[in-house]
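Below you'll find the structure, written out as structure tokens, and then a few comments.
The values are calculated or read from the model by the stated rules, or taken from the named source; none is laboratory data. Everything numeric here is computed off the predicted structure, so don't read it as measured data. With ideal geometry, Cβ positions are generated from the backbone for all residues, glycine too; neighbour counts draw on all protein chains shown.
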Amino acid sequence: MKSKILDAVGISAAVLCLIHCIVFPLLLIIPLGISHNPYVDLAFLVIGALVVFRITRHMTNYWLKFLFWVSILLISISVLTDLLFEIHLPLIYVGAIGLIAGHIINFKNHKH
């Protein structure tokens, strides 16, 4: 039951992250006086990493565990590149989609 809740939190956070990553650049085109804050991306990364750590701790499905951690790694590379060099890499999109897919697969694999 606890893992199902973590999957729901993970799916929600990853979807919000993906929406943020897609919509926010479009909002920068409109002159609203807002700017990009990479610490929002860092917050999504920390939430995602904590959820993935809790879910994969006792996971026996190694390819799903691999999908989760590769997705977190891709997001980490993108966020750190943005923080250090102010370069936006599209790896964050691939990582967010990987997390969403992993959580959906993990949720469907639970015994109901």
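Scanning region 1-53 for residues that are closer than 20 Å to residue 86 by Cβ, small (Gly, Ala, Ser) and modelled with pLDDT under 80 returns 33, 35.
Taking region 88-112 as the region of interest, how many residues are of a type in the set (S, T, N, Q) and surrounded by 15 or more Cβ atoms within 10 Å (Cβ to Cβ)? Please lay out each step first, then the result.
The first filter runs over region 88-112 and keeps only residues of a type in the set (S, T, N, Q), leaving 106, 109.
Okay, now just the ones that are also surrounded by 15 or more Cβ atoms within 10 Å (Cβ to Cβ), so 106.
Qualifying residue count, region 88-112: 1.
For region 37-47, the set of residues classified as in contact (Cβ under 8 Å) with a residue 24 or more places away in the chain and over 19 Å from residue 12 (Cα atoms) consists of 38 only. Selection of region 59-87 for residues being surrounded by fewer than 16 Cβ atoms within 10 Å (Cβ to Cβ) and within 22 Å of residue 25 (Cβ to Cβ) yields 77, 80, 83, 84, 85, 86, 87.
In the set 74, 50, 84, which member is touching a residue at least 12 places away in the same chain (Cβ under 8 Å) and either under 28 Å from residue 110 (Cα atoms) or more than 9 Å from the chain's Cα centre (by Cα) (or both)?
Values: 50 fails: touching a residue at least 12 places away in the same chain (Cβ under 8 Å); 84 fails: touching a residue at least 12 places away in the same chain (Cβ under 8 Å).
Within the list 74, 50, 84, the selection yields 74.
Please verify whether region 25-33 includes one or more residues that are without any contact (Cβ under 8 Å) to a residue 60 or more places away in the chain and either in contact with a helix residue (DSSP H, G or I) (Cβ under 8 Å, 6 or more places away or on another chain) or surrounded by 14 or more Cβ atoms within 10 Å (Cβ to Cβ) (or both). Within region 25-33, none of the residues are without any contact (Cβ under 8 Å) to a residue 60 or more places away in the chain and either in contact with a helix residue (DSSP H, G or I) (Cβ under 8 Å, 6 or more places away or on another chain) or surrounded by 14 or more Cβ atoms within 10 Å (Cβ to Cβ) (or both). For region 38-58, the set of residues classified as under 13 Å from residue 99 (Cα atoms), of a type outside the set (S, T, N, Q) and surrounded by 14 or more Cβ atoms within 10 Å (Cβ to Cβ) consists of 44, 45, 47, 48, 49, 50, 51, 52, 55, listed by residue number.
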